[in-house]
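Structure, as structure tokens:
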Amino acid sequence: MDPRNAEHPCYSEAAHHFFARMHLAVAPGCNIACNYCNRKYDCANESRPGVVSDRLTPEEALKKVYKVAESVKELSVVGIAGPGDALASPQRTFKTLEMIREHFPDLKLCLSTNGLNLSKYASRLAQLGVDHVTVTLNTFDPKTALKIYAWIKYKGKKENSLEAAANFIVKQQEGIKALVNLGVLVKVNSLLMPGINDQELPLVSKKLKLMGVFMHNIMPLIAKAEHGTRFGLEGRPEPTPEELETVREACGDIKQMAHCRQCRADAVGKLGEDQFANFSKENYQEMEIPESNFFEKRELWRNRVAFQAAQKKTGVMLPTGPKVKIALCSQSMGVVDQHFGHAKGFYIYQVEDGVARLLNYRQLSTAYCDGEDSCGDKETVLTQILSLLEGCQAVVSLKVGYPIFKKLSAEGILPVVNLAGRPLAEAAVEAAELVLQRGQLDQQNNRKEKSQEVV
């Protein structure tokens, strides 16, 4: 592993269990208009890119980092991810990055961009010590780009033309190549949009690998009407979890990110444990810059984290056999430590020949148990959970109630509750071994064949 990734929760699957990031919303403007984006302001009820509760000046952003650093010892990365494009507001972005570098030299600097202005600023980013840059690139085809973007800034104007789209794609590639040549680690985000770019992404992924991109993050399109995006209002379909995993599998030539949570532009904390609501502007706007940057807290945490244990290769080996898909419940530290009913999502691992690989994090809109009074009486939630577990042969958790145990078993999903505290990859391998030992995989396949015969 590149040591620069050891504490970056987005670039390392292991690190996201232990380290936190924060996004500073200092870049409100944008130079393209995506049909899947709506940059909402003062919105605390949505968790997706482009959404923020507070827009910040660079000075306010610095105060916010001090406020977060005081209480979030896991903080390792500070990034700028909008709510517009970081390089469409270069003065605000670079002033913020320069101040963070001066006041918090131990924290990693990170930036997200659509890439239109990237080649212009690549050298400056590298000189500033920005080791990680994420570029959103959805296609290499200008015709496809016209379906994705309402307009693109071109020659000082907002245009929706093949010429503007082609120029955009060229600029994205120039920027990525410039960063790679400067030694910056580049992650590319691509939205999986069924019927638009789903057939293109495997070729996109191959080309990105040839360009020297470190990681490809294929994310599902979010297109709900209440978000107010063009695709949402048109009823554009979102990909299913299995469709997403199939495309990621087809793009496996390059390292895939499978633990992304599609964060807000003002996200704070570990992935999946967002604390942005605890750091609203009124909590730090009038504060004086403290004398300490709380480095000691962060350093103590780094020294305490048993990080090497999470990096070790799984030691359990199985004989050559089929692929087994396992769902696991975890709330922290990358281990099995959550009751089935309290899970707000499932880590999905695929086990083949004794090696477990993270495919996805399938997220629920609500947990089965919201508390003592509501636990066990939500049939609609259970239906959603069973749908979410489609294709999985086992689910691993701390506990599962007997009625749910029976329903999971009836669906051909083996409940496993004897792996508490085990690292997720290790638990996935052991659960796969149980599945194969009990013939669960054959049982599930037989059930599917019978249902197809009936149809």
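What the table below lists for this structure:
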{"quantity": "³J(HN,Hα) computed for each position of segment 173-178 - Karplus, 6.51 cos²θ - 1.76 cosθ + 1.60, integer Hz, glycine/proline x", "calculated": "5, 4, x, 4, 4, 4"}
{"quantity": "Placed amide H near Leu75: partners under 5 Å, 5+ positions off or other chain", "calculated": "Ala20"}
{"quantity": "Under 15 Å from Lys281, Cα to Cα: aspartates and glutamates that are on another chain or at least 8 residues apart", "calculated": "Asp42, Asp54, Glu59, Glu60, Asp266"}
{"quantity": "Cut-off under 5 Å, modelled amide H: who pairs with Trp151 long-range", "calculated": "Ala33"}
{"quantity": "Ascending count of other beta-carbon atoms within 10 Å, so fewest first, for Glu234, Glu426", "calculated": "Glu234, Glu426"}
{"quantity": "The chain, relative contact order in percent, only Cα pairs under 8 angstrom and at least six apart counted", "calculated": "15"}
{"quantity": "Cross-link partners of Lys155 among lysines (Cα-Cα below 17 Å; sequence separation of 8 or more within a chain)", "calculated": "Lys120, Lys171"}
{"quantity": "Which of Val396, Val213, Val51 has the fewest Cβ neighbours within 10 Å, and the rest in rising order", "calculated": "Val213, Val51, Val396"}
{"quantity": "Interchain or long-range residues, amide H under 5 Å from Ile218's placed H", "calculated": "Ser190, Met257"}
{"quantity": "Hz values of 3J(HN,Hα) by residue in segment 257-267 - Karplus curve (6.51, -1.76, 1.60), Gly and Pro given as x", "calculated": "8, 10, 10, 5, 10, 6, 6, 5, 6, 10, 4"}
{"quantity": "3J(HN,Hα) from dihedral phi, segment 111-118, Karplus parametrisation 6.51/-1.76/1.60, rounded to Hz, x for glycine, proline", "calculated": "8, 10, 8, 7, x, 4, 9, 5"}
{"quantity": "C-alpha long axis of helix 379-388 to longest principal axis of the chain, angle in °", "calculated": "80"}
{"quantity": "Kirkwood-Stokes translational diffusion coefficient of segment 3-283, alpha-carbon pairs, 10 °C, 1.306 mPa s, µm²/s", "calculated": "85"}
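None of the figures in this text is laboratory data; all of them are computed from the coordinates on show. Bear in mind that the values here come from a model prediction, so they are computed numbers and not experimental data. Here the Cβ is made from the backbone with ideal geometry for all residues, glycine too, and neighbour counts use every protein chain on show.
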